[in-house]
1. What's the number of the only condition in (1) under 27 Å from R90 (Cα atoms); (2) open to solvent by less than 90 Å² (accessible area, probe 1.4 Å) that G33 fails to meet?
2. Applying the selection to region 85-97, what residues are open to solvent by 50 Å² or more (accessible area, probe 1.4 Å) and either part of a helix (DSSP H, G or I) or closer than 19 Å to S119 by Cβ (or both)?
3. Looking only at region 118-136, filter to residues that are more than 14 Å from the chain's Cα centre (by Cα) and open to solvent by 80 Å² or more (accessible area, probe 1.4 Å); which one of those is farthest from F54 (Cα to Cα)?
4. All but one of (1) surrounded by fewer than 16 Cβ atoms within 10 Å (Cβ to Cβ); (2) assigned to a helix (DSSP H, G or I); (3) of a type outside the set (A, V, I, L, M) hold for E40; which doesn't?
5. Looking at (1) under 16 Å from P44 (Cα atoms); (2) in contact (Cβ under 8 Å) with a residue 40 or more places away in the chain, which is the only condition G115 fails?
6. Hey, can you tell me all the residues within region 53-84 that are open to solvent by less than 20 Å² (accessible area, probe 1.4 Å) and either of a type in the set (S, T, N, Q) or more than 18 Å from M124 (Cα to Cα) (or both)?
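The values are calculated or read from the model by the stated rules, or taken from the named source; none is laboratory data. All of these numbers come straight from a predicted model, not from anything done at the bench. Cβ sites come from the backbone with ideal geometry, for glycine too, and all protein chains shown count toward neighbours. Keep in mind that these areas ignore ligands, DNA and RNA; they rest on the heavy atoms of the full protein, side chains included. Shrake-Rupley method; radii C 1.70, N 1.55, O 1.52, S 1.80 Å.
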Amino acid sequence: MEHPHKEGETAAAAAAATTAAAADPRGASSSSGVVVQVREKKGPLRAAIPYMPFPVAVICLFLNTFVPGLGTFVSAFTVLCGARTDLPDRHICCVFWLNIAAALIQILTAIVMVGWIMSIFWGMDMVILASYKEQGIPQQL
């Protein structure tokens, strides 16, 4: 047993969609001007990377490239010297130890190449953050 009013509703909905598509020259979508913002959620180790002066960040990248974890270890001390991080609610000593932990992870896993690759990417993140600081661009990631 079929319900004729349901078929009528479906036909009416299809007719309304066809009318809307004909009225809108861009197609059936009428949502224009919608802005979508995407934010990267950083873990505590990634958020502990300090915003250093650009030359220091390049030196840390160089150190991380040839001795995995060394540049990250050096960057931990920049936190003690006042470098800002994306963890403003954490104590300086906590952020320092997070950076030391990241350096140890890079050193210990360098044997299987994971730490070495992580170390290089960590150094690249340092340089990117330093360029944001140097240009005065607020970091919104």
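1. Condition (1) is where G33 drops out.
2. If the condition is that a residue be open to solvent by 50 Å² or more (accessible area, probe 1.4 Å) and either part of a helix (DSSP H, G or I) or closer than 19 Å to S119 by Cβ (or both), then I92, C93, C94, W97 are the ones that fit.
3. Per the stated criteria, the residue is Q135.
4. Failing condition for E40: (2).
5. (1) is the only condition that G115 fails.
6. Within region 53-84, N64, T72, S75 qualify.
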